[in-house]
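Working notes for the structure below.
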Amino acid sequence: MDAFIDCLSDMIPGNEGFVFVFKNFDKFNQRDKDTAYHVLDINQNNSWRLLVENQKKLMAFLHSNDPQLQIQSVGALSVLWNKEEWFDKSRGV
């Protein structure tokens, strides 16, 4: 985790910024919930830092095959489903 923090902390993106896409995040979360959470929290903290210091964007998108995936708040923000899957009924839950 320290290496991930160092890597993101040293990044100064060109142009607009970076987007991370985490495919099958539900499997990562099932295997190691604590690490999965910390990866998102580190991403969120660096997202704010880059926006304030460099006016650059760092975003993360999560793909999940688990319609009931719930992730605790990162950086005091909720991790939300996209607007098409916002309601449980839209995810078949």
From the options Lys23, Lys56, residue that is of a type in the set (Lys, Arg) and modelled with pLDDT under 85: Lys56
Exception for Asn24 within (1) in contact (Cβ under 8 Å) with a residue 40 or more places away in the chain; (2) within 27 Å of Val93 (Cα to Cα); (3) of a type outside the set (D, E, K, R); (4) surrounded by fewer than 12 Cβ atoms within 10 Å (Cβ to Cβ) falls at (4)
Filter result for Glu85 (free of Cβ contacts under 8 Å to residues at least 60 places away in the same chain and surrounded by fewer than 13 Cβ atoms within 10 Å (Cβ to Cβ)): no
Scanning for something surrounded by 12 or more Cβ atoms within 10 Å (Cβ to Cβ), small (Gly, Ala, Ser) and either over 10 Å from the mean Cα position of the chain (by Cα) or over 23 Å from Arg91 (Cβ atoms) (or both), does the range 9-21 turn up at least one residue? yes
Quick one: is Asn46 free of Cβ contacts under 8 Å to residues at least 60 places away in the same chain, over 29 Å from Phe87 (Cβ atoms), crowded, with 17+ Cβ neighbours inside 10 Å and of a type in the set (S, T, N, Q)? yes
Condition test on Asn54, is it touching a strand residue (DSSP E or B) at 6+ places or on another chain (Cβ under 9 Å) and polar (S, T, N, Q)? yes
Looking at the structure I just gave you, is Asn65 surrounded by 13 or more Cβ atoms within 10 Å (Cβ to Cβ) and closer than 19 Å to Val93 by Cβ? no
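The values are calculated or read from the model by the stated rules, or taken from the named source; none is laboratory data. Because the structure is a prediction, the values reported are computed rather than measured. Note that each Cβ is placed from the backbone with ideal geometry, even for glycine, and that neighbours are counted across all protein chains shown.
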